[in-house]
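These notes concern the structure reproduced below.
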Amino acid sequence: MIDIRLVRDDSASVKSALGRRGVDPEEVDRLVELDAEARAAVGRRDELRAEVKALSKQVGDARRSGQDDVAEDLTARSRAVGDQERSLHAVAQESVREALLYLPNLPAKDAPDGDGPDDNVVARSWPDVRPGYADAQRVPHWEIGAELGLLDMERGAKLSGSMFPLYRGFGARLLRALTAFALDSHADEFEEIRPPTLVLTDTMVSTGHLPKFEEEAYHLERDDLWAIPTAEVPLTSMWRGDILDEADLPLRLTAATACFRREAGAAGRDTRGLLRVHEFDKVELFAYATPDQAAALLNGMVARAEQLLQQLGLEYRVLDLCAGDMGNSAARTFDLEVYSPGVDQWLEVSSVSWCTDYQARRANIRYRPGSGGGPVLVHTLNGSALAWARIWAALVETGRQPAGSVVLPDVLAPYLRGEVVIPAPG
């Protein structure tokens, strides 16, 4: 969440910044009012505490003088005032916190202005000259997958409902190979983590996925656990409530997990094949950093995702997301999209974000500066490197040969027992 002190001291700048994200300035005005009420409640709370203290003294005096009935009446009054004091403070503080939980992060000053996807800026593309694509590559991946026995969307739907893919044979091996390839590529700087896939509500709140995006998540009500939409969620909370040392920063983590998203409201839109699915595998990059380290880390994480795409030989472009199209927690975001010739679409396969101290404030994650002074909030960064469903689709389409076989990138050979050709039928 954003800093309430900034809202309190300079609401005009907060309105201006959040206005770039389409936030109504009245939401900020309402927060200012709630904060004023909460601070007033602190004064009233102190008065009630003093009253409780005075009543407690009167109870003691009454008991010592043998006035037990009076003492009981005073005790009842003291309890009622104490309950009022606790309730007053809790309600006032919770109203401010809830309002803050729904507000997005302040966009970075260098994030492009804009209201949505059409205003995103293409920062660069690879290769410099767009390749040509043969007719054999213009077949959609769901047809190739069915023809070669790699992808069975019908049996996936039979097991779990629509938009849950089932990979078979070489298709499943390809998914596993991509994960191992990426994890090995990041092992030089990022510690590998295998976090739980189900997490607590507090864990989801810490990243900003709750409460605002509850409808997009899978909730196991009996256990009050949530299926993670991304490994960013558990990685953010690994040090929730802790204080790190500056000497340990930046702290870099990577994780391969399944990810679950309801994609609420997406029915009927890009629902064929792997374009939009409820479950997909992804390798995540994550970092805790000082503010001074964050910009270089952001660029480095984008570069890692780009390097993987170049090694896989996939045409891609990097989008500098405008303020109105970034995720709620991000101050700065770069998306990577690959071109998928079989569906003739650019498909998002990575989103790399700098969240400043927005998530750390929610999760209370701080570090001790080496120069001394009190603990300060860390900055968090996250990014996909990479999400595999659409990469799988683009590889199968791009690698398809005139006779119907599929040739995969040589870089995957060590993870496919040396086999990089998926044979044509028969």
Discussion item. Exactly one of these conditions fails for Thr201: (1) over 23 Å from Glu94 (Cβ atoms); (2) touching an Asp or Glu at 6+ places or on another chain (Cβ under 8 Å). Give me its number.
Written reply: (1)
Fill in: Extreme residue, nearest to Val205 (Cα to Cα), among residues of segment 335-362 that are part of a strand (DSSP E or B) and open to solvent by 20 Å² or more (accessible area, probe 1.4 Å)
Trp354
Item to complete: Within segment 180-223, work out how many residues are open to solvent by less than 30 Å² (accessible area, probe 1.4 Å) and closer than 23 Å to Met1 by Cα.
Response: 9
Discussion item. Residues that are in contact (Cβ under 8 Å) with a residue 12 or more places away in the chain, among the charged types (D, E, K, R) and part of a helix (DSSP H, G or I): does segment 365-385 have at least one?
Written reply: no
Practice prompt. Only residues that are more than 20 Å from Pro341 (Cα to Cα) and assigned to a loop (DSSP other than H, G, I, E, B): list them for segment 388-419, please.
Written response: Leu416, Arg417, Gly418, Glu419
Fill in: Selection from segment 371-408 of residues that are open to solvent by 20 Å² or more (accessible area, probe 1.4 Å) and out of contact with any strand residue (DSSP E or B) (no Cβ under 7 Å at 6 or more places or on another chain)
Ser371, Gly372, Gly373, Gly374, Thr398, Pro402, Ala403
Item to complete: Filter segment 133-179 down to residues that are open to solvent by 70 Å² or more (accessible area, probe 1.4 Å) and outside any helix (DSSP H, G or I) and give me whichever is modelled with the highest pLDDT.
Response: Arg168
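To keep it simple, each residue is scored yes or no on (1) open to solvent by 20 Å² or more (accessible area, probe 1.4 Å); (2) farther than 21 Å from Gly156 by Cα; (3) out of contact with any Asp or Glu (no Cβ under 6 Å at 6 or more places or on another chain).
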position: Trp239; (1), (2), (3): yes, yes, yes
position: Leu244; (1), (2), (3): no, yes, yes
position: Arg252; (1), (2), (3): yes, yes, no
position: Lys282; (1), (2), (3): no, no, yes
position: Asn299; (1), (2), (3): yes, yes, yes
position: Val302; (1), (2), (3): no, yes, yes
Worksheet item: Could you say which residue among Gly145, Gly156 is touching a Pro at 6+ places or on another chain (Cβ under 6 Å) and under 18 Å from Arg390 (Cβ atoms)?
Response: Gly156
Discussion item. Any residue that is in contact with a Lys or Arg (Cβ under 9 Å, 6 or more places away or on another chain) and free of Cβ contacts under 8 Å to residues at least 40 places away in the same chain - is there at least one of those in segment 239-261?
Written reply: no
Worksheet item: Among (1) at pLDDT 95 or above; (2) open to solvent by 30 Å² or more (accessible area, probe 1.4 Å); (3) among the aliphatic types (A, V, I, L, M); (4) in a helix (DSSP H, G or I), which single condition is Ala123 missing?
Response: (4)
Item to complete: Filter segment 404-423 for residues that are free of Cβ contacts under 8 Å to residues at least 60 places away in the same chain and within 15 Å of Gly313 (Cβ to Cβ) and give the result.
Response: Val407, Asp410, Ala413, Val420, Val421
Discussion item. Checking the conditions here, which among Asp118, Asp128 is within 21 Å of Ala305 (Cβ to Cβ), open to solvent by 30 Å² or more (accessible area, probe 1.4 Å) and without any contact (Cβ under 8 Å) to a residue 24 or more places away in the chain?
Written reply: Asp128
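The values are calculated or read from the model by the stated rules, or taken from the named source; none is laboratory data. For clarity, every value in this text was computed on a predicted model and none was experimentally measured. In this analysis, Cβ positions are derived from the backbone assuming ideal geometry, glycine residues included, and neighbour counts consider all displayed protein chains. Ligands, DNA and RNA are stripped out before the accessible areas are found, and what is left, the full protein with its side chains, is counted by its heavy atoms. Shrake-Rupley method; radii C 1.70, N 1.55, O 1.52, S 1.80 Å.
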